[in-house]
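As structure tokens, the structure follows; a few thoughts come after it.
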Amino acid sequence: MLVVTFDPEQFNFITAGESSYFLLRLPDGSLLLHNDTCDHRGGPLHLGHWDDLTQCLVCPWHATKYSEKVLRNRGTPLIERPGRVTVVLDVPSSTQVQFVKKTILAQPASC
Amino acid sequence: MRLTQLACDFLSEASASSRNILGKYGDIQSQFFKIVIDDYGYGVHSAKHSTLYENTLATCDLISEVHAYWKFYLSSSLAISNYYHYVSRDHSKYFRAIGAIAVAESMFSHTCRKISQMLHTVFGKSIDTYYFDEHVHIDAHHGRMAFEHVVAPAIERYGNGVIPDIVRGMEELQLLTAIADEDFIAQVSFFDAVADLKTAAQRIHARIVEGSLPQPAITHLATRSQPFITRVSNQDQLYAVQSGTLDLVLGPDQTVRLDRGDVMIVPRQRLHGTAIVSEESWYYVYDFEDYRSCLS
């Protein structure tokens with residue numbers, strides 16, 4: 001396990017070894033950190049889009065959908081405080097971590 | 001024979017499609033690119049579709065080098081592969097290309113399910129059918145992606161004027177596929193008809209020898225060292241071996257040995273070659289518009 005803390009305004013994307021994660025603020029205002037790799041064929045989920053009709057994140061490659069419920073269940077443990085979030089990554093504690101600011105296309109427009 | 005025909009396209013899979021993803025042509029091009037991503041295995045060589053097909057060939061003891069079986073490609077199989085390149089290399093034919101690819105992606109999922117079942121029936125569990133099983137799944141997506149994210153947006157962006165070309169591409173691909181299917185069935189039927197074709201050849205050759213069927217022949221004198229090639233003829237042909245021994249080669253693993261005095265009909269448009277088995281062989285080839293009309 002690896003616990004990291006960062007400013008969500010400054011960074012919204014984490015690479016930890018071979019894994020990547022992105023921050024997503026859901027329509028109810030809650031924040032989650034989710035693995036960036038689609039279960040189906042490994043598509044980059046942060047480049048997907050939010051479908052307002054079904055309230056799902058849609059993978060950019062083959063349109064695999066992730067509901068809010070699924071996203072919450074699969075999100076990494078996260079605590080948000082003003083100006084910082086702390087997350088628990090399921091990687092060895094010695095894993096090299098990089099923090100990046102990216103455009104998260106999957107972000108719901110209403111958030 | 002079926003796997004060797006498919007090898008023509010599958011061992012260089014998506015090479016033609018890739019001609020459509022070069023340059024800067026907007027969102028439709030990027031949507032098209034997503035299909036090619038899958039074909040190329042997301043940059044993972046073991047997942048590349050051509051690699052999957054190599055594995056299938058290997059488990060059938062077939063050579064997986066590209067075009068190892070080029071001599072046995074039916075012209076109709078080549079025509080499909082050539083068509084994809086023809087409409088993809090020249091972007092004035094772009095809308096025909098996306099029409100053809102949309103239809104192909106939609107049809108292929110079902111086709112692959114049937115081929116996978118057939119291969120397991122013939123070869124049992126030992127054959128690696130993952131190439132086909134993969135396409136059962138992924139081409140269900142590709143068919144939808146091609147129509148919803150390439151064809152429909154193309155019409156929306158460029159107007160109804162592009163529809164005739166898109167439909168033309170769809171029709172051309174289906175026509176070529178139908179021709180290839182018929183051609184393949186005819187070639188396999190040819191394998192199964194060897195005994196009948198030998199019997200028919202004996203009857204016709206007897207008439208030629210006795211003089212009741214005047215027929216000019218082309219004389220061939222060939223040696224074992226000559227390179228092996230295959231050919232098709234637009235006429236029915238009767239092979240009559242005068243000396244030595246040769247193999248009429250009908251497919252990668254289909255040969256008919258003909259010794260001195262042996263004869264056989266090769267129907268028009270059936271792919272075949274002659275491999276000389278003895279040091280040399282001398283044989284006649286008679287051409288007929290329709291060999292059946294010479295039986296009586």
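Quick note: the coordinates plus some simple rules give every number you see, no bench work behind them. Note that the structure is predicted; figures quoted are calculated from it, not measured. So basically every Cβ, Gly included, is an ideal-geometry build from the backbone, and we count neighbours across all protein chains shown.
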Self-check item: Unique match (being more than 25 Å from B:Asn160 (Cβ to Cβ) and part of a helix (DSSP H, G or I)) among B:Ile101, B:Ile115
Solution: B:Ile115
Exercise. Hey, could you check segment A:8-58 for residues that are polar (S, T, N, Q) and surrounded by 14 or more Cβ atoms within 10 Å (Cβ to Cβ) and say which is nearest to the other protein chains (Cβ to nearest Cβ)?
Key: A:Thr37
Quiz item: Which of the residues spanning segment A:59-70 are over 24 Å from B:Asp38 (Cβ atoms) and surrounded by 16 or more Cβ atoms within 10 Å (Cβ to Cβ)?
Solution: A:Glu68
Exercise. Please go through segment A:59-80 and pick out each residue that is touching a His at 6+ places or on another chain (Cβ under 7 Å) and more than 14 Å from every other protein chain (Cβ to nearest Cβ).
Key: A:Leu71, A:Arg74, A:Gly75
Quiz item: Considering segment B:33-69 alone, what residues qualify as being assigned to a helix (DSSP H, G or I), free of Cβ contacts under 8 Å to residues at least 60 places away in the same chain and under 25 Å from B:Ala180 (Cα atoms)?
Solution: B:Val36, B:Asp39, B:Ser50, B:Thr51, B:Glu54, B:Leu57
Practice problem: Six or more apart or on different chains, Cβ under 7 Å: which pairs go from a residue in segment A:52-75 that's at positive phi to one that's not in a loop (DSSP other than H, G, I, E, B)? Could you list them? | Solution: A:Gln55/A:Ser67; A:Gln55/A:Glu68
Quiz item: When you go through B:Phe95, B:Phe132, B:Phe147 one by one, which is the residue that is surrounded by 15 or more Cβ atoms within 10 Å (Cβ to Cβ), aromatic (Phe, Trp, Tyr) and within 25 Å of B:Pro252 (Cα to Cα)?
Solution: B:Phe132
